[in-house]
Amino acid sequence: MCCGRKRAAVAAITRNRPVTLEYRGDSTLTVVGSATRTVYWFSGRGARVVVHGSDVELLAGRADLVRAVTPGASSNGAWRA
């Protein structure tokens, strides 16, 4: 399988997995998923919401949302595929 097909396969898997995002802003945030049209509401700094994998691409551009890290897991904060 060539590189392009591998990337496409990984992207397809990622779209189907839920991702927990943590909000780093100072107020509340409401966003609508571009793929599922689901409304996601973050109640304030530190709020965590499970987001459908298909909607993560839209939210990837927001500096105030990061992938939530569970205790004991390592992450550099990057969550964009």
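The table for this structure:
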item	result
Identity of the residue in the stretch 39-71, farther than 13 Å from P18 by Cα and among the β-branched types (V, I, T), that ends up surrounded by the fewest Cβ atoms within 10 Å (Cβ to Cβ)	T70
Criterion violated by L29 - all others in (1) exposed (fewer than 14 other Cβ atoms within 10 Å of the Cβ); (2) at pLDDT 95 or above satisfied	(1)
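The values are calculated or read from the model by the stated rules, or taken from the named source; none is laboratory data. Keep in mind it's a predicted model, so treat the numbers as computed, not measured. So basically every Cβ, Gly included, is an ideal-geometry build from the backbone, and we count neighbours across all protein chains shown.
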